[in-house]
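Each remark here refers to the structure printed beneath this line.
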Amino acid sequence: MHGKEVNTLGSWILRILLFLICGISGYALTQGISSSPLIPLFGFIGGLSLGALTLLIEKGLKKIPLKNLLGGFVGLILGIMVANLLSNVFFSNLSNDQQTIFSVLGIFYGVCGYLGLRVGFKKGEEIHLPGWKAFSKTVPQGGIAKILDTSVIIDGRIADITETGFIEGALIIPQFVLNELQHIADSSDSIKRTRGKRGLEVLHHIQKQANVDVRIVDTDYPSVKEVDSKLIELAKEVRGKIITNDSNLNKVAELQGIEVLNINELANSIKPVVLPGEEINVKILKEGKEMGQGVAYLDDGTMIVVDNGRRQMGKQIDVIVTSVLQTPAGRMIFARLKEEATREARGKDYYYPLDSEF
């Protein structure tokens, strides 16, 4: 079995044991209360209901960030301690009426405990321990985590970039981004549905790449509604960078001090410096591999192969770009002499009269 299947099987076994323990305990507790056989049955049903309630509580707690849970737990303990201290100081002379004592202390402990729990839960978001990571067990030590947003996944170019190995560190895909992708893929709009399915296929392709560490995390922020705001909160928490092509998210994240890697900016920075048809001035420095070719270079070292440029060796000449070739070894530009290109263009435009016109 795979690890995921083993975890699922283990979870179901634990749930079955929970229901058995709760049901049997409820049956045993109510067995001696009455001679009626229905009472133990109600106890058994009550135990099963308690087990179901426990599973609901578990489902809710799993959505709460760990820092909020820790903060709430600490706040609850402190609230109970404060309630105990104050009750010993101010309510030590209460009457011996047990009902009065229970009522007053119940209210007192309830109020202090509730306040401690709520304040601790909220203040838990401010916990920042050295090296704290929301998913420290899943993020490797080397490199800075990169968080993918929905738009850049649907765009698809991120898969090609990761395949080259230029991005270091783990690629983080939050569960709320996956949920948004799934929602788009299930849309009634055919265009949105196609985009959502494309995003899921891109993620599947990235996960299959051997040199990419993809981590899907359950970290969520229930109090934050928008996905973009959740991405910013997650980036703050893990001190990571957001990869996007959404200009609005880019601006908002930078305003809050979050580093952003914009795919569109990357594409603009590596676009060809020249395009076919452009005129440039170069100096022929050496012979090319083919007969009659001359070779020149741009300031950034890009090689320019000029047809019939050999006879212009050592001269500064104007050439017309014919094509740009991108290879794993770099970019190559092919060009021809401007005078040849001009002469050819004039030849095409030349008008040859018919014999009948003479």
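All of the numbers you see were taken from the coordinates with simple rules; none came from a lab. Fair warning: this is a prediction, and the values are worked out from it, not measured in the lab. Please note: Cβ atoms are built from the backbone with ideal geometry, for glycine as well, and neighbour counts cover all protein chains shown.
Quick rundown of the values:
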| item | result |
| --- | --- |
| Cα-based Kirkwood hydrodynamic radius, the range 219-336, one decimal, Å | 17.6 Å |
| Spin-label model distance (nm) - residue 188 vs residue 59, 7 Å beyond Cα toward Cβ | 2.6 nm |
| Scattering curve values for the range 279-347, log₁₀ I(q)/I(0), Debye with Cα scatterers, q = 0.12, 0.18, 0.19, 0.22 Å⁻¹ | -0.28, -0.61, -0.68, -0.89 |
| Cross-link pairs beyond the 24 Å C-alpha cut-off, checked among 62/123; 67/230; 236/271; 62/251; 67/251 | 236/271; 62/251; 67/251 |
| Gain upon complete extension [residue 340, residue 114; 0.36 nm per residue less C-alpha separation] | 72.7 nm |
| Those lysines that a straight Cα-Cα span of less than 16 Å connects to residue 59, excepting residues fewer than 8 apart in one chain | none |
| Pairwise centroid distance, computed over Cα atoms, of the range 264-284 with the range 182-253, Å | 33 Å |
